[in-house]
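Since the structure comes first, as structure tokens, the remarks are kept for the end.
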Amino acid sequence: MKKATLVKLGLSFAGILALAACGNSSNNSSSETEDGKTKITWLNILHHASPPTDTIVNLIEEKTDTELTFNWIPDASKEERLTTALASDELGDIVTLQIAMLKNSSVRSALKSGVFWDVSEYLKDYKNLSQISEDRIEAASIDGALYGVPMQKDYARAGLVIRKDWLDNLGLDVPTTMDELYEVAKQFTENDPDGNGVDDTVGFGDRAPSDIRYTSFKLFTSYFGAPNGWAVDDNGKFTPEFDTEEYMKALNFSRDLFENGYLAQDFAVTQKTDQQEQFAQGKTGIYTGMVDIKNLKTMGQGIQDDMELVPVNKISDGEGGGYHVWSEGNGIGGLLAFPKSQVKDEAQLKKLLQFVDDLLEEDMYKLMTGGIEGTHYELNDDGSIEFIDMDLW
């Protein structure tokens, strides 16, 4: 029985993103089925090589009285594909716009030119959507208009995922300082942490610097205490992060890791999915990026079934500087936008907003993030979720 234990998450828009891992593909726009169900198409981002099984989609449709169809955009080419979809007007009733995509010039232009509905006056009419905080709404607005439902996220989501079983094999503790982290990377590279007698592991896996926000280096800058983009002193003077001593410490730390072979030597040509696969296959022992243990465990099934993982994001410089993490997006993961070309009138928009509001009910959130109790997961006494078989997801 394949198991992975995760702390049960609180209610947030992460559940809506979890739903983006389910469904089939079609180009039908929203309408109604013969039995009165609302048809909804959703242009969404696929973060895996292929969509998982449709195990819970029928239950979601039943609970929301809808018929759902997903049109997929691979994460690696999301901006290019979305730009094409905008130009050809091949959009869904709902379009997922991740925070990074909102900076794309074509997307920005579409938002400002009225391609999508401004929903700022509607959220107050819905039980769950009305609970979105004003600061999140302000952060997601463009020139005073809110062109979609804000997807709320944690302010700091990136961190380290470390092979706990490798730490145990080598008699190492979970690192809490940069020196300890360096030693873990060294031991994972030099001392056969998987015990197979072959020199085939490296401490840190990483990805290409085109995605530097989720690389080990960005984490190192925060752990050493560099500012989150800019530092502002008491006199109002701004200093960029790259002009600080802490930033230089992170550069030197990364260089030493690389020169000694404790950081994957091919990181400069490694993409996100390759980095994940290297970790799931037991080639690297420290993963940097989104702390997505469930996905990493799923990718490791049949290869590293017994791997134990521990999330780590509380590491100090070891010199009394305290703990720091970096954040982006002001707690916004993006928008769920509604194109006017597909959503013709206010009545249709309100149906879609009600659907999104329904997804935020606690039972729906549990269904989307955990599946069906007894089939996909069990609840432990401490409230944590223990997944029974991720293949069924």
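If the condition is being modelled with pLDDT of 85 or more and touching a Phe, Trp or Tyr at 6+ places or on another chain (Cβ under 6 Å), then segment 312-327 contributes K314, I315, S316, D317.
Counted as qualifying within segment 1-120 are the strands (runs of 3 or more DSSP E) with 2 or more residues that are modelled with pLDDT of 85 or more and in contact with a Ser or Thr (Cβ under 7 Å, 6 or more places away or on another chain), namely 38-46, 66-74. Per the conditions (1) over 25 Å from W166 (Cα atoms); (2) surrounded by fewer than 19 Cβ atoms within 10 Å (Cβ to Cβ); (3) at pLDDT 85 or above, the sole criterion not satisfied by N330 is (3). G205 meets all of the listed conditions (1) at pLDDT 95 or above; (2) in contact with a Lys or Arg (Cβ under 8 Å, 6 or more places away or on another chain) but one, namely (1). Checking T284, T298, T288 one by one, the residue that is modelled with pLDDT of 90 or more, within 18 Å of the chain's Cα centre (by Cα) and either of a type in the set (G, A, S) or assigned by TED's automatic domain parsing to the domain that holds G195 (or both) is T288 and no other. Among the strands (runs of 3 or more DSSP E) confined to segment 175-277, the ones with at least 1 residues that are touching a residue at least 40 places away in the same chain (Cβ under 8 Å) and in the same structural domain as G300 (by TED's automatic domain parsing) are located at 202-204.
Answer yes or no: is there a residue in segment 337-348 that is among the charged types (D, E, K, R), part of a loop (DSSP other than H, G, I, E, B) and in contact with a Gly (Cβ under 8 Å, 6 or more places away or on another chain). For segment 337-348, residues among the charged types (D, E, K, R), part of a loop (DSSP other than H, G, I, E, B) and in contact with a Gly (Cβ under 8 Å, 6 or more places away or on another chain): present.
Table: residues versus (1) touching a helix residue (DSSP H, G or I) at 6+ places or on another chain (Cβ under 6 Å); (2) within 17 Å of L257 (Cβ to Cβ).
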residue: S133; (1), (2): no, no
residue: A140; (1), (2): no, no
residue: Q152; (1), (2): yes, no
residue: R157; (1), (2): no, no
residue: D165; (1), (2): no, no
residue: K186; (1), (2): no, yes
residue: P193; (1), (2): yes, yes
residue: G203; (1), (2): yes, yes
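Suppose we keep only residues that are assigned to a strand (DSSP E or B) and closer than 15 Å to L335 by Cα within segment 125-161. Which one would you say is modelled with the lowest pLDDT? Per the stated criteria, the residue is Q152. Restricting E378, E386 to residues that are in the same structural domain as Y147 (by TED's automatic domain parsing), without any contact (Cβ under 8 Å) to a residue 24 or more places away in the chain and either under 30 Å from A85 (Cα atoms) or not in a loop (DSSP other than H, G, I, E, B) (or both) narrows the list to E378.
The values are calculated or read from the model by the stated rules, or taken from the named source; none is laboratory data. Note that the structure is predicted; figures quoted are calculated from it, not measured. No Cβ is skipped: glycine too gets one built from the backbone with ideal geometry, and neighbour counts run over all protein chains shown.
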